[in-house]
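Engineer: Pasting in a structure now, in structure tokens, and then I'll have a few things to ask.
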Amino acid sequence: MLLLVLTGLAWMVQLMSMMKFLLNYGIDLTSFLGLTSLMIPFIVSIIIPFVTFITIIFVYNKLITDNEITVMAASGLSPKQIARPALIVATVLAILHFILNIWIVPISQAKFYSTQWNLRYGLAHMKLQESAFTQLADGLVVYVDKVSGHDLSQVMLSDMRDDGTPIIIFAEKGKLVATPRGLSIVMSNGSLQTTGNAITTGTFNTFDMDLNVADKEGDSAFKVRRVSTSLLLQSIFDSPSQKQHKMVLTELATRFFGPLMNIFLAVLCTLILLKSSLLRRRASMAPAVAVAAMAVAMSLFMSASNMIGSLTEFVLMAFVLLLTLGLLLFLLFRK
């Protein structure tokens, strides 16, 4: 229930942050909801460890408050038996988290960025309003008198993206065209004026202008989040730069070690709560201590993931994580 509620809230925040797609690009509501829904797997993969922790601390703290943990221990149940439900839930969520990280999230993220580009810059969705100024990008404004599909008439284009050489173009006709290098506008029978060190004017019969509003899906860049896990593993040994190599190792650490944090936080939480209750220490302080321990553990995990720069450090992080998890399990199961 908590996972559904937090995912829904995060999705609503995503809807609000991407509302500009509805307002600026004239995208229909169905396409907009379909686009934002592609973020749900990624949102779930982020909040699952926190959901695991919050659920366990809520249930077990309630058991401690009602003295049920004391009764169970007095009836002969060991800490391992008392903690078993929490570990089962954490294991199930860890498996779900692993499936999301390895397969579902990369596919949905690749689809998200591809769909986002098509909705924002794709020829099929590039809509210019008649007798109105349309801003295609920062500093790039187009005015069109009449629009018929992708055919334009009485076009005025102002390109102020380069402060050194602003360009103003007037043309009788124009046409939006999708090319391998991106979106272009082909204009005919017009004039052009640029202002730099000197004012330059001229006329043309045909002028093809590459709008450069975006790079198709970032093809020239390496976007690790949307790359399949198999390709990331191959990229460990053939990364073209040290920066990309570090990005690959960081992403792989998040995908492979992130699910383990569900079990790690579950063990950490039950260890603190059960030991404080069974050893008759101040159980009222246990939830606060558990929350602080969770914050430290997640901070260390994220910091270590972002600092990985070599395969040796990747293996070392895995060893330290598994060793720490084994130590916590030993302390938890010890009577």
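Here's the yes/no breakdown for (1) out of contact with any Asp or Glu (no Cβ under 9 Å at 6 or more places or on another chain); (2) closer than 28 Å to PHE257 by Cβ:
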position: MET12; (1), (2): yes, no
position: MET16; (1), (2): yes, no
position: SER31; (1), (2): yes, no
position: GLY34; (1), (2): yes, no
position: VAL44; (1), (2): yes, yes
position: LYS62; (1), (2): no, no
position: GLU68; (1), (2): yes, no
position: ALA86; (1), (2): yes, yes
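Engineer: A further question on this structure: For region 251-335, please list each of the helices (runs of 4 or more DSSP H) lying entirely inside it that holds at least 1 residues being surrounded by fewer than 16 Cβ atoms within 10 Å (Cβ to Cβ). It would help to see each step written out before you state the result.
Structural biologist: Values: elements: 260-278, 286-307, 311-333.
The helices (runs of 4 or more DSSP H) meeting that bar are 286-307, 311-333.
Engineer: Assess whether LEU15 counts as being surrounded by 14 or more Cβ atoms within 10 Å (Cβ to Cβ) and either modelled with pLDDT under 90 or not assigned by TED's automatic domain parsing to the domain that holds GLU251 (or both). Talk me through it step by step, then tell me what you get.
Structural biologist: Values: surrounded by 14 or more Cβ atoms within 10 Å (Cβ to Cβ): yes; either modelled with pLDDT under 90 or not assigned by TED's automatic domain parsing to the domain that holds GLU251 (or both): yes.
Taking the combined requirement at face value, the residue satisfies it.
Engineer: Quick test for you: out of SER276, SER303, SER220, pick the one residue that is within 22 Å of GLY326 (Cα to Cα), of a type in the set (Ser, Thr, Tyr) and modelled with pLDDT under 85.
Structural biologist: Numbers: SER303 fails: modelled with pLDDT under 85; SER220 fails: within 22 Å of GLY326 (Cα to Cα).
Answer to the selection: SER276.
Engineer: If you go through region 184-217 one residue at a time, how many are surrounded by 16 or more Cβ atoms within 10 Å (Cβ to Cβ), at pLDDT 70 or above and either among the acidic types (Asp, Glu) or part of a loop (DSSP other than H, G, I, E, B) (or both)?
Structural biologist: Residues in region 184-217 being surrounded by 16 or more Cβ atoms within 10 Å (Cβ to Cβ), at pLDDT 70 or above and either among the acidic types (Asp, Glu) or part of a loop (DSSP other than H, G, I, E, B) (or both): 1 in total.
Engineer: Please specify each residue of region 142-153 satisfying the condition of being closer than 26 Å to ILE199 by Cβ and surrounded by fewer than 16 Cβ atoms within 10 Å (Cβ to Cβ).
Structural biologist: ASP145
Engineer: Of these, ILE69, ILE57, ILE64, ILE102, which one is in a helix (DSSP H, G or I), on the phi < 0 side of the Ramachandran plot and in contact with a Cys (Cβ under 9 Å, 6 or more places away or on another chain)?
Structural biologist: Values: ILE69 fails: in contact with a Cys (Cβ under 9 Å, 6 or more places away or on another chain); ILE64 fails: in contact with a Cys (Cβ under 9 Å, 6 or more places away or on another chain); ILE102 fails: in contact with a Cys (Cβ under 9 Å, 6 or more places away or on another chain).
Of the residues listed, the single one that is in a helix (DSSP H, G or I), on the phi < 0 side of the Ramachandran plot and in contact with a Cys (Cβ under 9 Å, 6 or more places away or on another chain) is ILE57.
Per-residue answers, yes or no, for (1) of a type in the set (S, T, N, Q); (2) more than 30 Å from MET18 (Cα to Cα):
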site: GLY34; (1), (2): no, no
site: PRO41; (1), (2): no, no
site: VAL59; (1), (2): no, yes
site: SER75; (1), (2): yes, yes
site: ALA86; (1), (2): no, yes
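Engineer: Could you tell me which of the residues PRO85, PRO79 is in contact (Cβ under 8 Å) with a residue 60 or more places away in the chain, in the same structural domain as LEU329 (by TED's automatic domain parsing) and closer than 18 Å to LEU271 by Cβ? Walk me through how you get there before you give the answer.
Structural biologist: Working: PRO85 fails: in contact (Cβ under 8 Å) with a residue 60 or more places away in the chain.
The conditions single out PRO79.
Engineer: Assigned by TED's automatic domain parsing to the domain that holds PHE50 and of a type outside the set (Val, Ile, Thr): which single residue out of SER114, SER153 fits that description? Can you show your working first?
Structural biologist: On the way: SER153 fails: assigned by TED's automatic domain parsing to the domain that holds PHE50.
Answer to the check: SER114.
Engineer: If the Cβ limit is 7 Å and pairs must be 6+ apart or interchain, which residue in region 61-72 that is surrounded by fewer than 18 Cβ atoms within 10 Å (Cβ to Cβ) pairs with which residue that is in a loop (DSSP other than H, G, I, E, B) and aliphatic (A, V, I, L, M)?
Structural biologist: none
The values are calculated or read from the model by the stated rules, or taken from the named source; none is laboratory data. Please read these numbers as outputs of a predicted model, since none were measured by experiment. Here Cβ is always computed from backbone atoms with ideal geometry, including for glycine, and neighbour counts include all displayed protein chains.
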